[in-house]
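Have a look at the structure below, then the notes.
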Amino acid sequence: NAGVTQTPKFQVLKTGQSMTLQCAQDMNHNSMYWYRQDPGMGLRLIYYSASEGTTDKGEVPNGYNVSRLNKREFSLRLESAAPSQTSVYFCASTRSQGWDEQFFGPGTRLTVL
Amino acid sequence: DQQVKQNSPSLSVQEGRISILNCDYTNSMFDYFLWYKKYPAEGPTFLISISSIKDKNEDGRFTVFLNKSAKHLSLHIVPSQPGDSAVYFCAASGNQFYFGTGTSLTVIP
């Protein structure tokens, strides 16, 4: 039981490049989330998926897109990366659609030059 | 606009003493509060939670107190251990989760 896994662990992009961050959970959770963590800012919600087939914007969605591929997988895409998107990205999941205890992945450290 | 605030970026405590981490929030509609612990290069892990209908929840060495009138919650760790050294985030839920900026706790052996 791996919990929540994220790939890649590290990534360096040039401004304007695109990439997709992958997230998968094996706990049969319904809801999944993407956060970014910046120094002095805590964790901020980018997008979430309350259930398979649905996605909603969080606090800071601009510059990102998401896909809930199936119940297990939730990806985050940067279409045209900007230096302001340099951050650590965390994926999380919860059992229910409500705001339950979240299980987090280990994070992806992204640097945009 | 930060809806959940942790005003102390860091805290140092001697082993065996009490650690008190504080958190303030602005939205009276928040109905569920959680504390997470985070080690470097790892994701946050859930520690303890409290519903807005309660004012205290205890789990072993960890106790969370909620003062709704003051919009304040605190996490007490007694006794503190060196393994408790980590960054602690409080979070509040309404229509979505809002996290504080974190407090880095160092427990000195």
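Determine the shape class of segment B:3-109: with a ≥ b ≥ c the square roots of the Cα gyration tensor eigenvalues, call it rounded for a/c under 1.5, and otherwise prolate if a/b is greater than b/c, oblate otherwise.
Cα axes put segment B:3-109 in the prolate bin.
Over chain A, what is the relative contact order in whole percent, taking alpha-carbon pairs under 8 Å and six or more residues apart?
36 percent
Suppose a student asked you for the relative contact order of segment B:39-92, using Cα pairs under 8 Å spaced at least 6 residues apart; what percent would you report?
25 percent
Which three extents, in whole angstrom, do the alpha-carbon atoms of chain A cover along their principal axes, largest first?
Result for chain A: principal-axis Cα extents of 37, 28, 27 Å.
Using the basic label-point model (7 angstrom from Cα toward the beta carbon), what is the A:Glu52 to B:Arg61 distance in nanometres?
Result for the modelled spin labels: 4.1 nm.
Suppose each label sits 7 Å from its Cα in the direction of the beta carbon; what would the B:Lys68-B:Gln81 distance come out to in nanometres?
A separation of 3.4 nm, rounded to one decimal place.
Expressed as a whole number of Å, what is the distance separating the alpha-carbon centroids of segment B:49-109 and segment A:1-62?
Between the Cα centres of segment A:1-62 and segment B:49-109 lies a distance of 24 Å.
Rounded, prolate or oblate: which one fits the protein assembly as shown, using the alpha carbon gyration tensor with axes a ≥ b ≥ c (rounded when a/c is under 1.5, else prolate when a/b beats b/c, else oblate)?
Taking the square roots of the gyration eigenvalues as a ≥ b ≥ c, the protein assembly as shown is prolate.
Going by how many other beta carbons lie within 10 Å of each one, how would you line up B:Ile18, B:Ile77, fewest first?
B:Ile18, B:Ile77
Averaged over its residues, how many other protein chain Cβ atoms are within 10 Å of peptide B:86-95's Cβ atoms?
2
Measure off 7 Å from each Cα along the Cα-to-Cβ vector at B:Thr106 and A:Arg95, then give the distance between these two points in nanometres to one decimal.
Each label point lies 7 Å from its Cα, and together they span 3.8 nm.
Computed from the coordinates by the stated procedures, all read-outs in this text should not be read as laboratory data. Keep in mind the model is a prediction, meaning the values are calculated, not measured. For neighbour counting, all protein chains shown are included, and Cβ atoms are generated from backbone atoms with ideal geometry for every residue, glycine included.
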